[in-house]
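The next block holds one structure in the form of structure tokens; read it before the comments.
Here, each number is a calculation from the coordinates, and none is a lab measurement. On a predicted model such as this, the values are computed, not experimentally measured, just so you know. Quick reminder, even Gly has a Cβ in these numbers, built from the backbone with ideal geometry, and neighbours come from all protein chains shown.
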Amino acid sequence: MLLVTHDIDEAIYMSDRIVIMTPRPGRIERTIEIELERPRQRNSSSFLRLRSDILEMLHFTGQAVGESLSVQDEEESGKAENWVASSTGCRFPRTS
């Protein structure tokens, strides 16, 4: 089944996987596997942390430089400092 929503809580609560898309043209930016146990509690710390990470991802969607380099390549080239890791292991471009 496919569910299309703009409600992040609904997406986390109901989905096994969330696809983040870029603004025009709509392309898949990232796919997130939701590994929270069911029934999901919207007030649990893991739910809220995932929600926060997704909100942060959406802020950067369409602005991120491609992640074609491995972490090791980025560290060796000095580009690792351009990324910030979240608590769930996702990496986001540094804004400042």
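Summing charges over all other residues whose Cβ lies under 15 Å from the Cβ of S45, with Lys and Arg as +1 and Asp and Glu as -1, gives 0.
Here the spin labels are modelled as points 7 Å beyond Cα on the Cα-Cβ line, and at T31 and V4 they lie 1.9 nm apart. The local environment of P23, defined by Cβ-Cβ distances under 15 Å, has a net charge of +2 under the rule Lys, Arg +1 and Asp, Glu -1.
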